[in-house]
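What follows is a single structure, written as structure tokens, with notes after it.
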Amino acid sequence: MSHPDLSFKVTRQAPKLIAPAAPTPRELKHLSDIDDQESLRFQVPVIQFFRQSHLGRGRDPVGVIREAIGKALVHYYPFAGRLREVGSGKKLAVDCTGEGVMFIEADADVSVDEFGDVLQPPFPGLDELLFDVPGSGGILGCPLLLFQVTRLTCGGFIVAVRLNHTMADATGIVNFLKAVGEMARGQPDLSVRPMWRRELLNARDPPRVTCAHHEFDQVGAL
């Protein structure tokens, strides 16, 4: 079982920005009508626990992951930009500035086993394992991803990520983290390359109803 009363100390280094490892296009990419809904304008936390690093004892997981993020951002370069509102109706677009994502290096005086044998939320010390850097958590003009990689006493480590939900759903962030993993393992290229086709999810202008969706005629109680 998990240990909700577990207490430990986390020592963090100053946050830094990781930019793409190579030049990327400077352009404005519009989000779709689904992406920029007000209800999706929030941050999503993700946390992953790893036991003894498979990278080998001589390799620091913080350095390896930091470098891999930079390489993955070459392909996922919109994540390195900043959101801003354009035009009327508070429409969102990502300005692909290449500024980078936020990264925190940390150490904790705790082992993976001390978290218990069932790693399920709520996790003790989540605010320490995914630190909310002041001024970084907004939707507009802020880093679109925040990483904190925390070394543990057992040789394992924790990768915690905060995602601006307008930029990706669960599948999207999983694909990006998979790309980071592939770069960390030394793969020369990504197994799946990202594609930006969000205009396919935009409503027609002006809107035009082409069929009746009777499945929404009656909405059952939640």
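The values are calculated or read from the model by the stated rules, or taken from the named source; none is laboratory data. Note that this is a predicted model, so its numbers are computed, not measured. With ideal geometry, Cβ positions are generated from the backbone for all residues, glycine too; neighbour counts draw on all protein chains shown. What goes into the accessible areas is simple: the full protein's heavy atoms, side chains included, and nothing from ligands, DNA or RNA. Shrake-Rupley method; radii C 1.70, N 1.55, O 1.52, S 1.80 Å.
Suppose we keep only residues that are among the basic types (Lys, Arg) and open to solvent by less than 90 Å² (accessible area, probe 1.4 Å) within the stretch 2-39. Which one would you say is nearest to PHE115 (Cα to Cα)?
First, pick out the residues of the stretch 2-39 that are among the basic types (Lys, Arg): 9, 12, 16, 26, 29.
When the remaining residues are screened for being open to solvent by less than 90 Å² (accessible area, probe 1.4 Å), the result is 12, 29.
Working: ARG12: 19, LYS29: 41 Å.
Residue satisfying both the conditions and the ranking: ARG12.
Might you check whether a residue that is among the polar types (S, T, N, Q), touching a strand residue (DSSP E or B) at 6+ places or on another chain (Cβ under 8 Å), open to solvent by less than 40 Å² (accessible area, probe 1.4 Å) and outside any helix (DSSP H, G or I) occurs anywhere in the stretch 154-164? Yes, the stretch 154-164 contains a residue that is among the polar types (S, T, N, Q), touching a strand residue (DSSP E or B) at 6+ places or on another chain (Cβ under 8 Å), open to solvent by less than 40 Å² (accessible area, probe 1.4 Å) and outside any helix (DSSP H, G or I).
Being at pLDDT 90 or above and open to solvent by 70 Å² or more (accessible area, probe 1.4 Å) is a condition met by at least one residue of the stretch 172-184. Restricting attention to the stretch 138-152, which residues are under 20 Å from ARG66 (Cα atoms) and either under 12 Å from the mean Cα position of the chain (by Cα) or open to solvent by 20 Å² or more (accessible area, probe 1.4 Å) (or both)? Those that are under 20 Å from ARG66 (Cα atoms) and either under 12 Å from the mean Cα position of the chain (by Cα) or open to solvent by 20 Å² or more (accessible area, probe 1.4 Å) (or both): PRO143, LEU144, LEU145, LEU146, PHE147, GLN148, ARG151.
Among the residues of the stretch 79-86, is any of a type in the set (Phe, Trp, Tyr) and open to solvent by less than 40 Å² (accessible area, probe 1.4 Å)?
Step one: filter the stretch 79-86 for residues of a type in the set (Phe, Trp, Tyr), giving 79.
Among the residues that remain, those that are also open to solvent by less than 40 Å² (accessible area, probe 1.4 Å) are: 79.
Yes: one or more hits.
Residue check: PRO122 meets all listed conditions (1) in a strand (DSSP E or B); (2) open to solvent by 60 Å² or more (accessible area, probe 1.4 Å); (3) of a type outside the set (Gly, Ala, Ser) but one, namely (1). Here ALA212, ALA221, ALA203 are screened, and the one residue that is touching an Asp or Glu at 6+ places or on another chain (Cβ under 6 Å), at pLDDT below 95 and part of a loop (DSSP other than H, G, I, E, B) is ALA203. The strands (runs of 3 or more DSSP E) found wholly in the stretch 35-97 and carrying at least 1 residues that are in contact with a helix residue (DSSP H, G or I) (Cβ under 6 Å, 6 or more places away or on another chain) occupy 91-95. In this structure, does LEU140 turn out to be closer than 18 Å to THR166 by Cβ, touching a residue at least 12 places away in the same chain (Cβ under 8 Å) and not in a loop (DSSP other than H, G, I, E, B)? No.
Considering the conditions (1) open to solvent by 40 Å² or more (accessible area, probe 1.4 Å); (2) modelled with pLDDT under 90; (3) not charged (D, E, K, R), PHE42 is excluded by exactly one of them, (2).
Look through ARG59, ARG26 and report the one residue that is free of Cβ contacts under 8 Å to residues at least 12 places away in the same chain, more than 21 Å from GLY137 (Cα to Cα) and charged (D, E, K, R).
Numbers: ARG26 fails: free of Cβ contacts under 8 Å to residues at least 12 places away in the same chain.
ARG59 is the lone residue from the list that is free of Cβ contacts under 8 Å to residues at least 12 places away in the same chain, more than 21 Å from GLY137 (Cα to Cα) and charged (D, E, K, R).
Would you please name the residue that is modelled with the lowest pLDDT, looking only at residues in the stretch 101-115 that are crowded, with 18+ Cβ neighbours inside 10 Å and not aromatic (Phe, Trp, Tyr)? Of everything passing the filter in the stretch 101-115, VAL112 is modelled with the lowest pLDDT. Looking at this structure, is GLU67 acidic (Asp, Glu), touching a residue at least 24 places away in the same chain (Cβ under 8 Å) and surrounded by 19 or more Cβ atoms within 10 Å (Cβ to Cβ)? Spelling it out, it is not the case that GLU67 is acidic (Asp, Glu), touching a residue at least 24 places away in the same chain (Cβ under 8 Å) and surrounded by 19 or more Cβ atoms within 10 Å (Cβ to Cβ). GLY98 passes every criterion in (1) open to solvent by 50 Å² or more (accessible area, probe 1.4 Å); (2) at pLDDT 90 or above apart from (1).
Remark: pairs (first residue in the stretch 172-187, touching a residue at least 24 places away in the same chain (Cβ under 8 Å); second residue of a type in the set (D, E, K, R); Cβ separation under 7 Å; 6+ apart in sequence or on different chains) = MET183/LYS71.
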